[in-house]
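The values are calculated or read from the model by the stated rules, or taken from the named source; none is laboratory data. In this text the structure is predicted, and so the values were computed from the model without any measurement. Every residue, glycine as well, gets a Cβ built from its backbone with ideal geometry; the counts of neighbours run over all protein chains shown.
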Amino acid sequence: MGPGQSTRREQSETETGCPVCSGPSRQALLKDGHAIFGCDVCGFLFVHPYPSQGELDAFYNADYRGVDRNFYPKAASRRRRAFVRSLPLAPHVWGKSVLELGCGGGFMTAAFATWAKRAVGIDLSQAAIDYAAAHFPKAAFRCETLAACAARGETFDFVFSSELFEHLPGVDKVMAGLMQVTRPGGLVYVSTPDASHPARPADLSQWSDICPPEHLQWFGRDSLTRLFRNHGFEPYKLMRNPKPAHSALFRRSQVT
Ligand SMILES: [Zn+2]
């Protein structure tokens, strides 16, 4: 290997393109052996390189051991909190078809099923889906990926994703899936940590939401809005939150 090749390799390890806007991004932090890069243009923060699917499968299989089809931790309080949390969204859900991504034990999907014409929850954990199906008969649950759900050709008026985006190793797959499953004019709700929030610790290493490999990417308002705009959605409602977390609705363009 010549000296030129060696220099290029070092550059590729310290600088890369932003997954959201392709802007120059460089290492901002090293946390628990994971390099976290920040984009100079949109402020997006992401683990680089993202872990492989094999590494993530191993991590999540270990993480779901507390769940089986008969037991979900703190089920009664989850049920209450889900109902309260669904109330402000009820006007958008009433009489509509709803999809929840990463529904876990199905508590939010079940709350939406109170008002929705149809509520479907999908999750990658079979144990969580078995629990949801056994406890919430008004909703439908499937253990499948968003891509598999999109491949059915079914579309929804309202797609809910809470605490999902920060766990994903990238943005392209989820956005491709959202474009397929969201009807023109339909809404997507996203809650995920907010890296641009004034209450976020100034020192990133002190922010509890920076916990790779559980969390792999962190959006500010700019990067989240850019991501959705790049994929045919416009901000519909960006709700204020006292904590450093987004609570945002994006509307899919009427034109496809
Ligand atoms: Zn960027």
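Find the residue count for the stretch 191-237, including only residues that are of a type in the set (Asp, Glu) and part of a loop (DSSP other than H, G, I, E, B).
Of the residues in that region, 3 qualify.
Enumerate the helices (runs of 4 or more DSSP H) found wholly within the stretch 55-131, keeping only those where 2 or more residues are free of Cβ contacts under 8 Å to residues at least 60 places away in the same chain and under 22 Å from the mean Cα position of the chain (by Cα).
Passing ranges, in order: 75-86, 107-113.
Going through the stretch 26-36 one residue at a time, which ones are in contact with a helix residue (DSSP H, G or I) (Cβ under 9 Å, 6 or more places away or on another chain) and either touching a residue at least 24 places away in the same chain (Cβ under 8 Å) or within 13 Å of the ligand (Cβ to nearest atom) (or both)?
Arg26, Ala28, Leu29, Lys31, Ile36
Which of the numbered conditions does Pro88 fail, given that it passes all the others? Conditions: (1) of a type outside the set (Asp, Glu); (2) surrounded by fewer than 22 Cβ atoms within 10 Å (Cβ to Cβ); (3) at positive phi.
With (1) of a type outside the set (Asp, Glu); (2) surrounded by fewer than 22 Cβ atoms within 10 Å (Cβ to Cβ); (3) at positive phi applied to Pro88, the lone miss is (3).
Please verify whether the stretch 61-72 includes one or more residues that are within 16 Å of the ligand (Cβ to nearest atom) and more than 17 Å from Pro193 (Cβ to Cβ).
No, the stretch 61-72 contains no residue that is within 16 Å of the ligand (Cβ to nearest atom) and more than 17 Å from Pro193 (Cβ to Cβ).
Please identify the pairs in which a residue from the stretch 37-48 that is charged (D, E, K, R) has its Cβ atom under 9 Å from the Cβ atom of a residue that is more than 9 Å from the ligand (Cβ to nearest atom), counting only partners at least 6 apart or on another chain.
Asp40/Arg26
Consider the stretch 109-128. How many of its residues are crowded, with 22+ Cβ neighbours inside 10 Å, within 12 Å of Leu87 (Cα to Cα) and at pLDDT below 95?
0
Being within 13 Å of Phe165 (Cβ to Cβ) and within 11 Å of the ligand (Cβ to nearest atom) is the filter here, so list the residues in the stretch 225-237 that pass it.
Passing the criteria: only Leu227.
All but one of (1) assigned to a strand (DSSP E or B); (2) in contact with a Gly (Cβ under 8 Å, 6 or more places away or on another chain); (3) surrounded by fewer than 18 Cβ atoms within 10 Å (Cβ to Cβ) hold for Pro184; state the number of the condition that does not hold.
Every condition holds for Pro184 apart from (2).
Can you tell me which residues in the stretch 205-224 are within 16 Å of the ligand (Cβ to nearest atom) and either in contact with a Lys or Arg (Cβ under 8 Å, 6 or more places away or on another chain) or more than 28 Å from Pro184 (Cα to Cα) (or both)?
Leu216
Here are some residues: Arg200, Arg240. Which one is at pLDDT 95 or above and basic (Lys, Arg)?
Answer to the selection: Arg200.
What do you reckon, is Gly153 within 16 Å of the ligand (Cβ to nearest atom), out of contact with any strand residue (DSSP E or B) (no Cβ under 7 Å at 6 or more places or on another chain) and not in a helix (DSSP H, G or I)?
no
Does any residue in the stretch 220-234 that is closer than 11 Å to Cys21 by Cα and at pLDDT 95 or above come within less than 7 Å, Cβ to Cβ, of a residue that is in a helix (DSSP H, G or I) and not hydroxyl-bearing (Ser, Thr, Tyr) six or more places away or on a different chain, and which pairs are these?
Cβ pairs passing all conditions: Leu227/Met175.
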